[in-house]
Amino acid sequence: MFTDAREIITLDGLRVEYADGFGLARPSNTTPVIVLRFEADTAEALQRIQNDFRKIFRLAAPHLQLPFLIMPDSCPASHPIQRIASAKACCL
C-alpha cells in the first residue's frame, strides 16, 4: 500500500516516512481513539499520504469516517503543512 514510502516504522503504531512528508497512526494514551497525524512539504504530497492511510483504514473498517482537518494555527508559516485527525478505536 505504501509504495512511495522510504521507511515504515511499526513501533507504537504505524509511521510511514516519505521523501516529502510522513503519516502516523497511533493509539492515544489518554482517550479511546487512534490519532492520525500527517505532515508534508506540499498540499499535493499531504493529500497523497492521507490517501495511502485512507486505503489501509478502509480495508480494515469500510464504515469509518476519516475527517482529516488542516491545523494551520498550530504551524508557523515556515513549517510544512500539517493535518491531524482522530478516529474512535471502537469503530475499528
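Only the coordinates and a few stated rules stand behind these numbers; no lab work does. It should be emphasised that the depicted structure is a prediction, and the values quoted were computed from it without experimental measurement. Glycine gets a Cβ as well: all are built from the backbone with ideal geometry, and neighbour counts include every protein chain shown.
Using 0.36 nm per residue and subtracting the Cα-Cα separation, the extra length available between Glu17 and Glu44 on full extension is 8.2 nm.
Taking 7 Å steps out from each Cα toward its Cβ at Asn51 and Gln65 produces label points 2.3 nm apart.
Using the average count of surrounding beta-carbon atoms within 10 Å as a protection proxy, the listed peptides 41-52, 4-15, 26-37 rank, highest first, as 41-52, 26-37, 4-15.
Taking label positions 7 Å along the Cα-Cβ direction at both Thr10 and Arg58, the computed distance is 2.3 nm, reported to one decimal.
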